[in-house]
Amino acid sequence: MHSTCHIPAMAQQTASSADGTMTVHGLTLSYFTGKLEAYLRVKGIPYRFAEMDTAAFRRAGRATGVLQMPQIEMADGTWLTDTTAIMAEFERRFPAPALSPADPLTRFFSLLLEDYGDEWLWRPALHYRWSFDEDMALMSAQIARSMLRDVKLPFWIRRQMILRRQRRVYLAQDGVTKETAPQIEALYLDTLDAMEAVLSKRSFLMGERPVEADFGFFGSMFRHFSSDPTPAAIMRARAPHVHLWVARLWAARPEDVERAALPGHVPGALAPFLARIAQDYLPYLAANEAALADGARHVRYVQGGVAWNVPVSPYRAHCLAALRTQYASLEGEARKKAAGLLGEGTCILATASLHTVPGPHSAGRQPLDRHWSGAAGEDRK
Ligand SMILES: N[C@@H](CCC(=O)N[C@@H](CS)C(=O)NCC(=O)O)C(=O)O
C-alpha cells in the first residue's frame, strides 16, 4: 500500500460534470483544502473549486461517509476524500511529475513526515486561530460569510455560532488549556526554527523537489500560520525562509518541479522532526490506539510533564496501522536505517496493530466526523 492513510477511493455516484473537470469542494481558509489545492497545482491537475456552504458540506458527507473538507467530486460522479489517500491515488493515476520519492526509505520518511505534519500541527494551528482575539474575530467573520452563508440567521448570530463551536470542539475538547497552551505554542515555535534551518539551505523539506512531506506541513503553514494574524507575525519575524517556502510551493508548477530530482535520502537536518515524532507523536498514536482497543472515548497520557486528555481518534489509529505497513514493507538494510533514524520510536512501528479500523461507509449511515467517530454533528462530550 502506498498511502499512510488510505481510504478506499469510492463512494456513491452523483451527478457528473460535462467537461471532464473534477470539482474540489472546500473552503479557501481550510487547512486540508489548502494542502490539496497545492498538490493539484504542483501536479498540474486541473480542477474547479467550489466554496462549500453547509448544504454542500452535508451532501459531500453523504457521498463519502465522512463530514469533512476537502472532498473531490470526479467528473464521472464518484467522490474522493482524505488528502493523504487522494495524493497516493493520484500518484498512481497521474505519474508525472512524481511527487513521491522513488527510494523506499526516503518515501517512508516522506509519508511519516506527511502524517506528522497533517495531524500534529493541527492543534497549534487551531489554537492560534481560536484562542487569540484578533484571529478569532477575523476568522469567525470569514466563516460566517462563507460556509454559513446558507444559514438563514443574521450575520452576528452565525458568527457567534461558529466561534462557540470551534472554541468548544477545537480548544476545550481537544485538550487546549492554560496548562497545555505553552507546550502547544512551543511546538509551533520549535517547528518554525527547525523548518527555517532546513529551508534556508534548500527549496523544499527533503530536497529540491516537493514530496508528500512538504504537503503535510503545508496545510497548517499556508492556511493558518502564514495567514492568521498572530502566528503570521511570528513567522515573518522568526522564520522568513518558511514564509518563502509557503509561497514557493503555492507558486510551483509541474515544469518547475520536473527540473529537479526527487530526493534520494533523508537529510540529516530533519533530525529535530524525527526526534519529535519518536518522543511525542508515535507514543501519542500508540496511546490513542490502546484507548480505542479498550473502547474508551478519551485518551489520557502525560507528555513533557503535562497531562493530556483528548478524544480517541479511530482515524489516527488507522494512520498508525498504515505507517506500520509502510515500515514493514522496507527491506533489510532500509529497515535498519529507518530504525537508526527513529531510535526509540521504532518499537511502536515494529509492533503489530491492536485493531483494524473499519473505514467510513457512505451507504445508509450517518456520516462520521473527521476522526471517523460517532455521528458527526453531535459533538463528543
Ligand atoms: N484527514 C482528512 C482531514 C480533513 C479535515 O479534518 N478537514 C477539516 C477542515 S480543514 C474539517 O473538515 N473539519 C470539519 C469540522 O470542523 O467539523 C484529510 O486529509 O482530508
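Quick look at the values:
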| quantity | calculated |
| --- | --- |
| Residue within the stretch 339-348 that is loosely packed, with under 14 Cβ neighbours inside 10 Å and under 23 Å from the mean Cα position of the chain (by Cα) present | no |
| Any hit, the stretch 59-78, residues being over 18 Å from the mean Cα position of the chain (by Cα), over 18 Å from Arg253 (Cα atoms), free of Cβ contacts under 8 Å to residues at least 60 places away in the same chain and part of a helix (DSSP H, G or I) | yes |
| Failed item, numbered, when Thr351 is tested on (1) polar (S, T, N, Q); (2) under 23 Å from the mean Cα position of the chain (by Cα); (3) surrounded by fewer than 16 Cβ atoms within 10 Å (Cβ to Cβ) | (2) |
| Residues of the stretch 340-381 satisfying the condition of being among the basic types (Lys, Arg), at pLDDT below 80 and closer than 22 Å to Val310 by Cβ | Arg380, Lys381 |
| All positions within the stretch 206-251 that are under 19 Å from Arg123 (Cβ atoms) and free of Cβ contacts under 8 Å to residues at least 12 places away in the same chain | Ala232 |
| Among the candidates Phe32, Phe49, residue that is modelled with pLDDT of 95 or more and more than 15 Å from the chain's Cα centre (by Cα) | Phe49 |
| Conditions (1) more than 20 Å from Val257 (Cα to Cα); (2) in contact with a Gly (Cβ under 7 Å, 6 or more places away or on another chain); (3) crowded, with 22+ Cβ neighbours inside 10 Å; number of the one not met by Glu114 | (1) |
| Cross-chain or 6+ apart pairs with Cβ under 8 Å, the stretch 169-183 first and under 10 Å from Arg123 (Cα atoms), then away from the ligand (no atom under 16 Å from the Cβ) and aliphatic (A, V, I, L, M) | Val176/Ile184 |
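The values are calculated or read from the model by the stated rules, or taken from the named source; none is laboratory data. Small disclaimer: the values here were computed from a predicted structure and weren't measured. Every residue, glycine among them, receives a Cβ derived from its backbone with ideal geometry; neighbour counts consider all protein chains shown.
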